[in-house]
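The values are calculated or read from the model by the stated rules, or taken from the named source; none is laboratory data. Computed from a prediction, not measured in an experiment: that's the story for all the values here. Neighbour counts are summed over all protein chains in view; Cβ atoms, including those assigned to glycine, are modelled from backbone coordinates with ideal geometry. Each accessible area value is taken on the protein alone, full model and side chains, heavy atoms only, with ligands, DNA and RNA left out. Shrake-Rupley method; radii C 1.70, N 1.55, O 1.52, S 1.80 Å.
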Amino acid sequence: MASWYGKDFHGRLTANGEIFDMNDLSAAHPTLPLPSRVRVTNLANGRSIVLRVNDRGPYKYGRIIDLSQRAADVLGFRGQGTARVRVQYVGPAPL
């Protein structure tokens, strides 16, 4: 399960020291190396994007990744709040 985060965190520092921008394609994951790139696919509609993982989270039981508001929009689940997704590690992201 994926969820998303936005304006409450906009402008704050991420776990690796970057500034969170809810309009960027980024994500938070509990264990992947920071920064990383992942492909996230919404299993309900097949939409897929590559994101930069630069933060830790989510902190809700049963969720594997938190996406930026923009990423949730692109994947088509912002209105629902959560979605079933597949997360595939692509590789390290540039610093």
Notebook entry, point to check: Restricting the search to the stretch 40-61, which residues are part of a strand (DSSP E or B) and closer than 18 Å to GLY11 by Cβ?
Noted result: ARG52, ASN54, ASP55
Note to self: Condition first: closer than 10 Å to ALA2 by Cα and at pLDDT 95 or above. Now tell me which residues in the stretch 59-78 satisfy that.
What the structure shows: ARG63, ILE64, ILE65, ASP66, LEU67, ALA72, PHE77
Next item on the list: Taking only the stretch 62-95 into account, find how many residues are open to solvent by 40 Å² or more (accessible area, probe 1.4 Å) and in a loop (DSSP other than H, G, I, E, B).
Entry: 9
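Of all residues in the stretch 40-61, which are in contact with a helix residue (DSSP H, G or I) (Cβ under 7 Å, 6 or more places away or on another chain) and open to solvent by less than 10 Å² (accessible area, probe 1.4 Å)?
The initial filter retains those residues of the stretch 40-61 that are in contact with a helix residue (DSSP H, G or I) (Cβ under 7 Å, 6 or more places away or on another chain), namely 40, 42, 47, 49, 51.
Of everything in the stretch 40-61, those that are in contact with a helix residue (DSSP H, G or I) (Cβ under 7 Å, 6 or more places away or on another chain) and open to solvent by less than 10 Å² (accessible area, probe 1.4 Å) turn out to be VAL40, ASN42, LEU51.
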Checklist line | First in the stretch 33-45 and without any contact (Cβ under 8 Å) to a residue 24 or more places away in the chain, second anywhere and in a strand (DSSP E or B), Cβ under 8 Å, 6 or more apart | finding: LEU34/VAL53; LEU34/ASN54; LEU34/ASP55
Notebook entry, point to check: In the stretch 22-33, how many residues are over 17 Å from GLY76 (Cα atoms) and open to solvent by less than 50 Å² (accessible area, probe 1.4 Å)?
Noted result: 3
